Amino acid sequence: MAVKRLKITIQGAVQGVGFRPFVYRLADELQLTGWVINSGSGVFIEVEGSPDNLALFLRRVHDERPPQSSIHTLEQAQLDPAGYQQFEIRKSDEGGETTAIMLPDLATCPDCRKELFDPADRRYRYPFINCTNCGPRFTIISALPYDRPNTSMKHFQMCPACEEEYRNPADRRFHAQPNACPECGPHIELWDHSGQVMASHEAALHQAVAAIEAGKIVAVKGLGGFHLICDAGNSPAIRRLRERKHREEKPFALMFPDLSLIRQYCHVSETEARLLQSSQAPIVLLKQCLPHPPGLSEEVAPGNPYLGVMLPYTPLHHLLLSDLDKPVVATSGNISDEPICIDEQEALQRLHGIADLFLVHNRPILRHADDSIVRLIAGREMVMRRARGYAPLPIRLPSAPPPTLAVGAHLKNSIALSVGKNVFISQHIGDLETEASFNAFQEVIDRFKEVYRTEPEIIAADLHPDYLSSQYAREQNRPIHTVQHHYAHILSCMLENEIEPPVLGISWDGTGLGDDGTVWGGEFLEITQNDFIRRACFRPFRLPGGDHAIREPRRSALGALFEICRSEEEKHYPSELWQSFSEPERKTLFRMLSRGINAPLSSSAGRLFDAVAALTGLRYRNNFEGQAAMELEFLLPDAPREAGSYPLRVRREKNSGKKSLLILDWAVMMEAIRNDKQQGVAAAVISAKFHNTLVESCLDVAKAVGLEKVALSGGCFQNKYLTEGVIRRLQAEGFRVYWHQQAPPNDGGIALGQIGAVWRLHQNK
Ligand code: ZN
Ligand code: ZN
Ligand code: FE
């Protein structure tokens with residue numbers, strides 16, 4: 001049979017996952033000759049052999065590819081035979097378009113875990129063990145293609161034993177770029193708060209473990225940055241951590257030594273167990289079982305029925321947790337919402353006064369990656385913070401827009417860069433409130449442009465001119481495309497679900513600038529080919545003090561009640577709410593409300609949650625964003641199944657031109673909540689009726705608008721009860737409902753939606 005030669009180009013997540021050795025072994029088995037090479041734009045293969053074996057090769061490349069890889073495109077062309085004598089792995093090619101995909105960091109694989117705890121293994125208890133199936137990627141890569149000289153491992157010269165593994169195509173560590181061992185690789189040290197070395201190697205680990213057991217706070221340099229770690233059963237230690245970190249009530253994440261221990265404290269479904277043990281190894285929000293065994297302090301997540309839980313994902317974490325044999329608090333090494341520390345010298349300064357000791361190592365972290373957070377909603381995973389393990393895997397567009405940089409919004413910022421059809425979404429950066437976060441934001445943009453060798457032609461930014469991200473966009477000397485916030489939310493949901501207009505988008509969050517200059521946040525948008533029509537929203541009310549209302553739900557309650565009664569008399573307000581303000585405070589706030597000064601109009605669903613939380617007396621002040629709304633949700637398991645709902649009036653706003661705007665008027669509902677509260681109805685019941693009312697309002701509008709596809713986005717759809725309720729009710733009435741899985745529903749997904757807006761515009765030109 002005549003010999004044929006095939007040229008194959010594969011794009012996708014194919015670097016750093018053992019793809020080349022896999023191709024080598026397969027070609028060898030099928031007696032094919034030729035070569036495979038990694039380049040910036042993917043993996044190139046040439047294979048020569050019998051047509052039957054070539055066909056088999058193509059099929060098996062697809063079917064048997066390494067578990068961590070994904071193939072986006074596989075192109076093939078037939079060529080005349082070249083007469084290759086053997087199959088070989090060629091050296092990487094430097095030039096060319098960089099569209100290869102930078103892989104996320106992968107949690108320690110079972111094989112490496114076994115070796116880590118095997119006294120006979122040469123890497124026994126070595127904190128940097130890894131192989132082609134696991135280990136650092138994104139956080140150690142400085143450039144593509146992914147080869148050792150392009151990583152922070154370049155300064156470590158492999159010893160002969162490691163070199164041998166690295167060169168042996170049959171070895172699990174063949175071309176494992178961060179390959180290392182105790183002889184030649186990085187090591188750990190324990191430092192005191194001034195940077196003095198107290199111990200190194202195994203002794204450092206022992207002393208760190210002892211310190212945690214003694215109630216100390218230890219800063220641990222991990223994969224994508226520093227953690228602050230302390231004993232999760234030690235309340236004074238956790239209280240100290242809260243004080244030092246300026247984090248009063250926001251829940252802390254936990255790391256457990258193993259799954260069986262997690263099951264003693266939390267309900268873990270099959271899907272949740274799979275997520276915890278996946279190579280992404282995110283923080284998973286799990287429902288606590290109550291009462292659970294002792295060993296976990298109340299201070300971890302005060303008043304919260306959920307716990308954010310993860311398993312060890314680096315060898316160092318495995319060693320620490322196995323020696324401790326109990327759960328620890330493992331929270332980002334930062335002050336409040338600043339970016340996580342990645343460098344030990346920087347950590348000594350920024351975490352000074354927070355950490356008692358520093359467990360560090362000498363493998364540089366090149367970019368930060370926080371722990372990702374996921375939650376199970378409607379039986380599927382929903383990524384609420386997209387960072388380690390997920391970033392920067394791309395979302396594919398059906399066609400390529402001009403190279404676009406999207407700078408995201410203001411809170412929970414992430415950025416995105418389009419390169420060809422790929423949209424690379426950055427890791428979670430944080431709230432752009434401080435200089436440190438703004439620097440991190442610029443740094444991430446610069447590194448993204450560098451790694452993907454892309455200079456954007458268009459910058460997409462939020463419509464809000466005052467966001468630091470928008471200001472940055474204006475300084476770039478490039479055409480700017482501004483995108484309305486809630487439109488961006490819906491587009492991100494549509495992109496990841498690969499759906500086309502017409503779509504009804506339900507976009508509910510805390511705040512975003514509308515195109516009429518008011519604050520939006522409870523929006524129903526009809527998505528058209530390259531724009532949107534606002535079809536419905538909540539009745540707007542004034543927020544006295546503007547952004548201060550975000551921190552004080554009681555201001556939303558006052559604003560909402562004032563909107564209904566237009567009165568400054570005490571009898572119109574519940575006395576508890578009334579008394580939560582001082583006399584002068586009330587005077588100031590009523591002045592703002594009645595004159596409309598420093599009291600912007602808002603249709604935000606998030607603020608409606610706040611108002612209800614304050615009205616029921618649940619919470620007047622937020623210690624962190626969204627706290628009041630979360631607490632309303634947390635009451636729900638205590639509510640009776642059929643609590644019913646409140647009346648909500650839908651009226652048609654007379655609108656000159658286009659389609660009319662529906663107003664969801666919550667006035668009657670608010671009155672009813674007031675009455676329920678006065679009559680002593682349990683807050684859990686009020687919360688359930690309120691949630692049910694919102695669910696019904698979605699159905700009412702969906703019916704009125706009459707589009708089959710409905711997309712849900714915005715921070716409010718992190719609420720499990722609300723989201724699952726809307727999905728269930730709409731599906732029961734024949735609507736096709738789409739929600740987030742990969743991109744966060746909160747503002748972490750905005751950058752993707754901004755690219756989507758540019759793409760739609762160019763596609764429909
Ligand atoms: Zn491994
Ligand atoms: Zn070695
Ligand atoms: Fe938003």
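The values are calculated or read from the model by the stated rules, or taken from the named source; none is laboratory data. Model, not experiment: these values are computed from the prediction. Note that we place each Cβ from the backbone using ideal geometry, even for glycine, and neighbour counts take in every protein chain shown. Calculation scope for accessible area: heavy atoms of the full protein, side chains included, ligands and nucleic acids excluded. Shrake-Rupley method; radii C 1.70, N 1.55, O 1.52, S 1.80 Å.
Scan segment 249-289 residue by residue and report those that are in a helix (DSSP H, G or I) and over 17 Å from the mean Cα position of the chain (by Cα).
LEU259, SER260, LEU261, ILE262, ARG263, GLN264, TYR265, GLU270, THR271, ALA273, ARG274, GLN277, listed by residue number.
Could you please let me know if GLU653 is within 30 Å of MET382 (Cα to Cα), of a type outside the set (Val, Ile, Thr) and open to solvent by 60 Å² or more (accessible area, probe 1.4 Å)?
Criteria not met by GLU653.
Given the residues ALA599, ALA643, ALA684, which is the only one that is without any contact (Cβ under 8 Å) to a residue 60 or more places away in the chain and surrounded by 21 or more Cβ atoms within 10 Å (Cβ to Cβ)? Explain how you work it out, then say what you get.
On the way: ALA643 fails: surrounded by 21 or more Cβ atoms within 10 Å (Cβ to Cβ); ALA684 fails: surrounded by 21 or more Cβ atoms within 10 Å (Cβ to Cβ).
Going through ALA599, ALA643, ALA684 in turn, just one is without any contact (Cβ under 8 Å) to a residue 60 or more places away in the chain and surrounded by 21 or more Cβ atoms within 10 Å (Cβ to Cβ): ALA599.
Would you list the strands (runs of 3 or more DSSP E) that sit entirely within segment 1-77 and hold 1 or more residues that are under 27 Å from the mean Cα position of the chain (by Cα)? Lay out the reasoning, then the answer.
Values: elements: 4-13, 33-39, 42-49.
Result: 4-13, 42-49.
Taking the condition of being touching a residue at least 60 places away in the same chain (Cβ under 8 Å), surrounded by 14 or more Cβ atoms within 10 Å (Cβ to Cβ) and under 22 Å from PRO293 (Cα atoms), how many residues in segment 264-278 meet it?
2
Can you name every residue in segment 364-392 that is in contact with a Leu (Cβ under 8 Å, 6 or more places away or on another chain), away from ligand 1 (no atom under 16 Å from the Cβ) and not in a strand (DSSP E or B)?
Those that are in contact with a Leu (Cβ under 8 Å, 6 or more places away or on another chain), away from ligand 1 (no atom under 16 Å from the Cβ) and not in a strand (DSSP E or B): ILE365, ALA369, ARG388.
Given (1) away from ligand 1 (no atom under 16 Å from the Cβ); (2) among the hydroxyl-bearing types (Ser, Thr, Tyr); (3) surrounded by fewer than 19 Cβ atoms within 10 Å (Cβ to Cβ), where does THR151 come up short, assuming only one miss?
With (1) away from ligand 1 (no atom under 16 Å from the Cβ); (2) among the hydroxyl-bearing types (Ser, Thr, Tyr); (3) surrounded by fewer than 19 Cβ atoms within 10 Å (Cβ to Cβ) applied to THR151, the lone miss is (3).
Can you go through GLU625, GLU633 and tell me which one is open to solvent by 30 Å² or more (accessible area, probe 1.4 Å), more than 20 Å from ILE564 (Cβ to Cβ) and either outside any loop (DSSP other than H, G, I, E, B) or of a type outside the set (Phe, Trp, Tyr) (or both)?
Step by step, each of GLU625, GLU633 is checked, and only GLU625 is open to solvent by 30 Å² or more (accessible area, probe 1.4 Å), more than 20 Å from ILE564 (Cβ to Cβ) and either outside any loop (DSSP other than H, G, I, E, B) or of a type outside the set (Phe, Trp, Tyr) (or both).
Considering every residue within segment 85-99, establish whether at least one is away from ligand 2 (no atom under 16 Å from the Cβ), within 24 Å of the chain's Cα centre (by Cα), among the β-branched types (Val, Ile, Thr) and under 26 Å from ARG453 (Cβ atoms).
yes
Check every one of the helices (runs of 4 or more DSSP H) wholly within segment 467-551 and list those with 2 or more residues that are in contact (Cβ under 8 Å) with a residue 24 or more places away in the chain and either within 16 Å of ligand 1 (Cβ to nearest atom) or assigned by TED's automatic domain parsing to the domain that holds PRO600 (or both).
548-551
Return yes when LEU664 is open to solvent by 10 Å² or more (accessible area, probe 1.4 Å) and assigned by TED's automatic domain parsing to the domain that holds ARG728 and no when it is not.
no
Here are some conditions: (1) open to solvent by 30 Å² or more (accessible area, probe 1.4 Å); (2) within 21 Å of ARG674 (Cα to Cα); (3) polar (S, T, N, Q). GLN529 meets all but one. Which one does it not meet?
(2)
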